[in-house]
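Beneath this line is the structure, given in C-alpha cells, with notes to follow.
The values are calculated or read from the model by the stated rules, or taken from the named source; none is laboratory data. Note that the structure is a prediction, hence the values are computed from the model and not measured. So basically every Cβ, Gly included, is an ideal-geometry build from the backbone, and we count neighbours across all protein chains shown. Surface accessibility is based on the protein's heavy atoms, side chains included, excluding ligands, DNA and RNA. Shrake-Rupley method; radii C 1.70, N 1.55, O 1.52, S 1.80 Å.
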Amino acid sequence: MKSAGIFLSSRTPTFEINSDLEIFAEFLAKANIKLIYGGGKCGLMGKISEAVSKSKGKIKGITLPMFNDIGVTPSYLDELEIEENFYLRKKSLIDQSDFIVIMPGGVGTADEFFDAFNHLSLGLISKSIYIYNKNDCWTDLLKWIEKNIELNMLSKMPDSVYVSHSIDELIEMIQKNEI
C-alpha cells in the first residue's frame, strides 16, 4: 500500500474546499493509498480524515501529546503515532510517506512544505511534492521561489514538484506519477 503525506490546515478557510477533499479522499481510498497526516479532527485535517474514513480508506495520524491530551485526535484512525515535538512529527510524516501533498494551510503547512522542499532540493529525499493551489493559496509562495531562482539563491525548481489548480488535475498528476 502506498502512502500519501498530506499537509493541510487545522482551520477552516473562507472558501469552499470540502467537496474537493471528499473527492480526494474517495480517490485515496479507491487507489489503496493510505492517508498519513497530522492526526487532528479540526479544520481541513478533520474534513479529509473523516472523508477517508467514510470512504473506507486507511488513515494514520501522527500527532503530539499536547493535541492528543485535549481530545483533538479522532477515534476512527487505523494507526496513531504520538511524537514528542513538531520536528519529530514532521520528520515522521515525511519519512513514512511515498509522496507528499500540500493542501491549503497556514504557517504550519508552509513549514512542512519548506522542510520537504528543502530535503528534495538537497537530494535527501526523492519523493514527489504535489501542491494543490486552491484559491491561489500558494501563488505568492511559488512566486517567491521563482524569484529566488532568478536571484541564483536556488538552483531550480525540482522536477518532482507539481502544482495543480483543481482537484481533478491533482488526482491526474498523482495517477500519472505514483500509481
Measure off, as a whole percent, the carbon and sulfur share of the 1.4 Å-probe accessible area of the chain, all protein chains present.
49
Would you work out if region 113-160 is rounded, prolate or oblate? Take a ≥ b ≥ c from the square roots of the eigenvalues of the alpha-carbon gyration tensor; rounded if a/c is under 1.5, else prolate when a/b is larger than b/c, oblate otherwise.
oblate
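Relative to the Cα centre, what is the charge dipole magnitude of region 1-79, using +1 at the beta carbon of each Lys and Arg, -1 at the beta carbon of each Asp and Glu, and rounding to the nearest 20 debye?
Values: 10 positive and 8 negative charges, 44 e Å.
Computed about the Cα centre, the dipole is about 220 debye.
Suppose every Lys and Arg Cβ carries +1 and every Asp and Glu Cβ carries -1, with no other charges. What dipole size does region 78-126 come out with about its Cα centre, to the nearest 20 debye? The partial results should precede the final answer.
On the way: 3 positive and 10 negative charges, 54 e Å.
Dipole about the Cα centre, nearest 20: 260 debye.
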Once you have all Cα-Cα distances for the chain, histogram them in 5 Å bins from zero and send the whole-percent values.
1, 8, 18, 23, 22, 15, 8, 3, 1, 0
Shape call for region 74-169, from the Cα gyration tensor axes a ≥ b ≥ c (a/c under 1.5 means rounded, otherwise prolate when a/b beats b/c, else oblate), comes out prolate
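For region 1-78, rounded, prolate or oblate, judged on the Cα gyration tensor with a ≥ b ≥ c (square roots of eigenvalues), a/c < 1.5 rounded, else prolate if a/b > b/c? Before the final figure, lay out the partial values.
Values: a/c = 1.95, a/b = 1.18, b/c = 1.66.
It comes out oblate by the Cα gyration axes.
Just list whichever of Lys91/Lys127; Lys60/Lys176; Lys2/Lys127 have alpha carbons separated by over 19 Å in the model shown.
Details: Lys91/Lys127 13 Å; Lys60/Lys176 24 Å; Lys2/Lys127 12 Å.
Listed pairs above 19 Å: Lys60/Lys176.
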Separation between the Leu88 and Gln175 pseudo-spin-labels, each 7 Å from Cα along Cα→Cβ, expressed in nm?
4.0
Per-residue SASA entry for Met1, accessible area with 1.4 Å probe, Å² rounded to 10
120
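In debye, nearest 20: dipole of region 1-134 around its Cα centre with unit charges on the Cβ of K, R (+) and D, E (-)? Display every interim value, and only then the final one.
Values: 15 positive and 16 negative charges, 61 e Å.
For region 1-134, the charge dipole is close to 300 debye.
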